[in-house]
Amino acid sequence: MIKFFLMVNKQGQTRLSRYYEHVEINKRTMLEAEVIKNCLSRSKDQCSFIEYKDFKLVYRQYAALFVVVGINETENEMAVYELIHNFVEVLDKYFSRVSELDVSFSL
């Protein structure tokens, strides 16, 4: 099951967040900061799956944007990785090359 969906830029600023489980606002800020730090600190040679606390992170970088999805332990990481790719392809078709500004103003 998907717990949350984030889009962040290279500076670590959240551009889009959607939670599918209740998380208090102050805890969201801390969670996002830790998740972003973990994803941004990894090199391109490392795997795009991270075990984090009681769930997994699946992320993918597109230009200056990172798409991060938090999932539970039973979810298929490759299926979520493909979901991220399909989501970005749809955005690219709609915006004819998605950028950080498109995400900030349109979603």
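The values are calculated or read from the model by the stated rules, or taken from the named source; none is laboratory data. Only a predicted model underlies this, so the values are computations on that prediction, with no experimental measurement involved. Ideal geometry is used to build each Cβ from the backbone, glycine not excepted, and the neighbour counts take in all protein chains shown. Side chains included, ligands, DNA and RNA excluded: accessible areas come from the protein's heavy atoms. Shrake-Rupley method; radii C 1.70, N 1.55, O 1.52, S 1.80 Å.
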In whole percent, the fraction of accessible protein surface over the chain that belongs to carbon or sulfur atoms, probe radius 1.4 Å, stands at 52
Quick one: Karplus J couplings for segment 67-74, per residue in order, coefficients 6.51, -1.76, 1.60, θ = phi - 60°, nearest Hz, x for Gly and Pro?
10, 10, 10, x, 10, 7, 5, 8
Of the listed pairs Lys10/Lys37; Lys27/Lys56; Lys10/Lys44; Lys37/Lys93; Lys3/Lys93, which have alpha-carbon separations greater than 20 Å here?
Lys37/Lys93; Lys3/Lys93
How large is the dipole of the chain about the Cα centre if only Lys and Arg carry +1 and Asp and Glu carry -1, each at its Cβ, rounded to the nearest 20 debye?
320
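Using the C-alpha atoms of segment 18-72, what convex hull volume per residue, in cubic angstrom, is computed? Don't skip to the answer; put the middle values down first.
On the way: hull volume 4.9 nm³, N = 55.
Per-residue hull volume (Cα only) is 89 Å³.
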Lys/Arg Cβ at +1, Asp/Glu Cβ at -1, dipole of segment 2-106 taken about the Cα centre: which of Phe49, Gly12, Tyr94 is farthest positive-ward?
Gly12
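Show me the ranking of peptides 38-49, 72-83 by mean Cβ neighbours inside 10 Å, starting with the highest.
72-83, 38-49
For the chain, report the accessible area per residue in Å² (1.4 Å probe, heavy atoms, rounded to an integer).
63
Taking R0 as 22 Å, what FRET efficiency do you get between Asn86 and Met30 from their Cβ-Cβ distance, rounded to the nearest 0.05?
Numbers: r = 30 Å, r/R0 = 1.36.
For R0 = 22 Å, the calculated efficiency reads 0.15.
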If the viscosity is 0.692 mPa s and the temperature 37 °C, what translational diffusion coefficient in µm²/s does Stokes-Einstein give for the chain when Rh comes from Kirkwood over Cα pairs?
233
